[in-house]
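Derivation of every value follows stated rules applied to the coordinates shown; laboratory data play no part. Predicted model, so just to flag it, every value in this text is computed and none were measured. No Cβ is skipped: glycine too gets one built from the backbone with ideal geometry, and neighbour counts run over all protein chains shown.
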Amino acid sequence: MDQVAARRIYQERLRHLGSSGLSDEESGGPMPDLLKVPGLKKVTDNNLNGQRWEGTRSGRQVTVWRGAKWFRIGNEVRVSGPAMAVEVKGRHGQWQSAAGFASAVLAEHEPGPGTVSVQSGPDGVRIRRRISNRQYLLPEGPSIHWADLILAEQLAGTDKPETSPQG
């Protein structure tokens, strides 16, 4: 894995989410995590339950989870509140059909590694992804959950870096 490319991708995604760049987060563990996003606080960091961040961004509850289930690496992003109705899957680097504004938003975002499912509507946005270990080792693999958060916020219409204070 090209560490320079991975670091560049991390920094780009974090800046888009309103972070000033890579900075230590108080995770409570022996190793600080270099993934701090304004409005989110890490609430779980262990081998059994994965990593989980929660908080409020642009007035909406946000949850980001990354871990392993059923011998596959996965992540799930949820943004509360009403959003445009979208149901689409992505696989092998291609989105399987989407219409209207959703197609414009999805055109800006490649599906990325693994299999991704995007569902949104009046209850909010949920993006689920499963990737293999091999796909995780690609430069975009380790931070794909932050790319999914960017996409979820755009679908919810809240992709501005304005956030509420961490609590």
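The length gained on full extension between Glu87 and Ser20, counted as 0.36 nm times the residue separation minus their Cα-Cα distance, comes to 20.9 nm. The label-point distance for Lys41 and Gln96, in a model that sets each label 7 Å from Cα toward Cβ, rounds to 4.0 nm.
For Ala107 and Arg8, a Förster radius of 25 Å and the Cβ-Cβ distance give a FRET efficiency of 0.65, rounded to the nearest 0.05.
Quick one: if the Förster radius is 30 Å, what FRET efficiency do Ala68 and Ser117 give, using the C-beta to C-beta distance and rounding to 0.05? Efficiency for this residue pair is about 0.95.
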